[in-house]
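Single-structure report; data block below.
The values are calculated or read from the model by the stated rules, or taken from the named source; none is laboratory data. Given the structure is predicted, the values throughout are model-derived calculations rather than measurements. All Cβ positions, glycine included, derive from the backbone under ideal geometry; neighbour counts span all protein chains shown.
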Amino acid sequence: MKKLLAAAAVAGFAVLGVATPAQAAPPDSAAMNSEAYWENLGYGDCTKVEYGDGVTSVTLPELSWPSEYTLLVLKAGSGTSANQLIMWPEAGVAYMHDSGKELSHIIYCMAEKLS
């Protein structure tokens with residue numbers, strides 16, 4: 001009887017383990033600091049620019065037709081809030097990280113306008 005109860009308990013735990021939904025792992029922050037990560041997500045051609053000390057803002061230059069900016073990633077500090085994403089950034093606008101910290105790098109992505 002004890003063996004039967006033990007077998008039933010093990011089977012029950014096995015079923016619970018199978019029934020539990022898998023949790024998606026958050027993206028690796030190191031991967032998010034590469035151009036390839038954002039290109040693979042479909043943001044177009046991306047470029048990374050590294051900065052030294054003292055840079056707190058960035059202004060993107062004008063693009064020629066038919067190119068447009070699709071994404072700007074501002075990297076300042078570390079942790080989950082280090083990367084700040086700006087969708088469809090505009091040329092000529094000064095962008096700063098919400099934390100007020102210095103920028104270690106940016107990644108900007110461009111694609112051709114659809115119309």
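Summary of computed values
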| item | result |
| --- | --- |
| Residue tally, condition within 21 Å of ALA36 (Cβ to Cβ) and part of a strand (DSSP E or B), over the range 59-70 | 4 |
| Condition check for LEU60: of a type in the set (A, V, I, L, M), crowded, with 17+ Cβ neighbours inside 10 Å and touching a strand residue (DSSP E or B) at 6+ places or on another chain (Cβ under 8 Å) | yes |
| Single condition GLU39 does not satisfy, out of (1) modelled with pLDDT of 90 or more; (2) farther than 24 Å from TRP88 by Cβ; (3) not β-branched (Val, Ile, Thr) | (2) |
| Condition check for ALA9: modelled with pLDDT under 95, surrounded by 10 or more Cβ atoms within 10 Å (Cβ to Cβ) and not in a strand (DSSP E or B) | yes |
| For LEU103: the one exception among (1) in a loop (DSSP other than H, G, I, E, B); (2) at pLDDT below 65 | (2) |
| The range 71-86, subset of a type outside the set (S, T, N, Q) and in a loop (DSSP other than H, G, I, E, B), residue surrounded by the fewest Cβ atoms within 10 Å (Cβ to Cβ) | GLY79 |
